[in-house]
Amino acid sequence: MSNHSNALVVHKHPSDFVGAKIGMWLFLFTEMLLFGGLFILYAMYRVRYPYEFHLAAAELDVFLGTVNTLFLLTSSLTVVLAIEALQRGKRKLAIWMISITIAFGVGFMVNKFFEWSAKIHHGIYPGSEELMSHSGGEIVFYNLYYTMTGLHGLHVLIGMVIFGVMLYFIARRPRQTEVIDYNILKEYRGQAHLALVNEKGREIGPVADLDEHAEFVDIKISYEAVPGKMDPRNLIKLENSGLYWHLVDVIWIFLFPLFYLIT
């Protein structure tokens, strides 16, 4: 804005990238506490019912578990490639890598659906008459199995939604928005106008007069979707999303051998 004698410059505070990363690590720590408690519970019952856990684990589909492990491990790679692509300004490659990550997540959930469906079809689910006819150790095993893999599956779904949101942010045209508060604006009402200026501060052309009725100014700038105009905040968002997804993968790396391989 200009009133021919004074100039008002509005600076937008940069995003706190360090704070965002620290906040994400704190959130991941709470997730580790949650699953860590479940792992401890599993270990206690495993020691108490070793033979029953052996019998119950033998009934799980190791092939589907292995395929799901490959899905998640490969998806971690595509997440890293997406972050690397965005760092280099390769927007389209980042979009492809994120899309592939979501596809792997879908594949994981489809396999889990078939696996759970087969067990439920045979009457093996918490509270069923068929399960209650088994030994106490097997009942505990399947209760832990449905609880821990179900909670993990929920995290996979959340991760897929997060990456879907990231696709929107990365694919859309970058925008910058500035709002000039009324308390600042009121000093210039009736005696100034909004104008475009170049890097040296020279006025290029007027945009609008700020008369006495102006209450606020909302400035929105849209850029062409080119690498040079990418929003830097998208990178930290994608990195935090990747950290979350890596945690989901690490949790599965523990769940897979505990339920499927250690018999």
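Here are the numbers for this structure:
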| read-out | value |
| --- | --- |
| Test: residue in region 63-70 that is on the phi < 0 side of the Ramachandran plot, surrounded by 15 or more Cβ atoms within 10 Å (Cβ to Cβ), of a type in the set (Ser, Thr, Tyr) and in contact with a Gly (Cβ under 9 Å, 6 or more places away or on another chain) | no |
| Helices (runs of 4 or more DSSP H) contained in region 66-174 and holding at least 1 residues under 24 Å from residue 34 (Cα atoms) | 91-121, 136-171 |
| Region 73-91 residues that are under 13 Å from residue 102 (Cα atoms), paired with ones that are in a helix (DSSP H, G or I) and of a type in the set (Val, Ile, Thr) (beta carbon under 6 Å, 6 or more apart) | 75/101; 78/100; 78/101; 79/101; 82/98 |
| Unique match (being touching a helix residue (DSSP H, G or I) at 6+ places or on another chain (Cβ under 8 Å), under 18 Å from residue 166 (Cβ atoms) and buried (at least 17 other Cβ atoms within 10 Å of the Cβ)) among 57, 85 | 85 |
| Residue within region 28-36 that is in the same structural domain as residue 240 (by TED's automatic domain parsing) and outside any helix (DSSP H, G or I) present | no |
| Inter-residue pairs, beta-carbon under 6 Å, first closer than 10 Å to residue 138 by Cα and in region 38-51, second at pLDDT below 95, 6+ apart | 49/137 |
| Within region 35-51, considering residues that are aliphatic (A, V, I, L, M) and exposed (fewer than 13 other Cβ atoms within 10 Å of the Cβ), the one nearest to residue 257 (Cα to Cα) | 43 |
| Condition met for residue 99 (within 18 Å of residue 157 (Cβ to Cβ) and surrounded by fewer than 17 Cβ atoms within 10 Å (Cβ to Cβ)) | yes |
| Matching residues, region 126-158, being within 27 Å of residue 75 (Cα to Cα) and more than 25 Å from the chain's Cα centre (by Cα) | 144 |
| Flag if residue 141 is buried (at least 16 other Cβ atoms within 10 Å of the Cβ), touching a Phe, Trp or Tyr at 6+ places or on another chain (Cβ under 7 Å) and either under 29 Å from residue 30 (Cα atoms) or touching a residue at least 60 places away in the same chain (Cβ under 8 Å) (or both) | yes |
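The values are calculated or read from the model by the stated rules, or taken from the named source; none is laboratory data. Keep in mind the model is a prediction, meaning the values are calculated, not measured. Reconstructed Cβ throughout: ideal geometry from the backbone, glycine too, with neighbour counts over all protein chains shown.
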